[in-house]
């Protein structure tokens, strides 16, 4: 399979090298740009960039301007990096169509995990667009779920949670593992937040909610042994 291209945009060469090294080890082809203007040029030249990691504070053209310019041509996933942790900045980023927002300093391993989560979400890692188990059918591209042919309405996180359960049917999943894969490390508070989401998900699934089994002291498992 051809390696996916990721464009890393930061005026600090040390930061670009750090991110590039970790992404390269994970099998990605990494392109670099030292400022926003160069980033736009590279993006328009390459045509097949799968994701952009974009620093906010840069000379010539900052991250916001760069994001606006790229959004004129493409909905390519964008992760913004910033030294500031300001709610206004985060809101601006999401209004501009930013997919993730990471504050420096950060763990390169977590950055890679978020990159992979976004690429899975946008179906660029070659994952199946349709998964099913026990009468539950999930269409990732349409972001829809049907149970025994009936469409059910789920929130974004409920959809992600159910998809994760179906893709790992029959496997016992700890709360920590669910958080790391569904919440992509980006959560605040106790891991018990999963319990609340599972409770809501079960209620929306009707009788099929019983397929999500509680494993006391550990987490959950989707069991479809007696259904399929």
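The values are calculated or read from the model by the stated rules, or taken from the named source; none is laboratory data. Owing to the predicted nature of the structure, the values given are computational and were not obtained by experimental measurement. Every residue, glycine as well, gets a Cβ built from its backbone with ideal geometry; the counts of neighbours run over all protein chains shown.
A few notes on this one:
- Residue in the range 156-163 that is surrounded by fewer than 17 Cβ atoms within 10 Å (Cβ to Cβ) and not assigned by TED's automatic domain parsing to the domain that holds residue 70 present: yes
- Per-region count, the range 44-73, residues surrounded by fewer than 16 Cβ atoms within 10 Å (Cβ to Cβ), at pLDDT 85 or above and assigned to a loop (DSSP other than H, G, I, E, B): 4
- Filtered residue count, the range 44-54, keeping only those that are in contact (Cβ under 8 Å) with a residue 40 or more places away in the chain and farther than 17 Å from residue 118 by Cβ: 1
- Residues that are modelled with pLDDT of 85 or more and either within 12 Å of residue 219 (Cα to Cα) or not in a helix (DSSP H, G or I) (or both) within the range 175-201 comprise 175, 178, 194, 195, 198, listed in sequence order.
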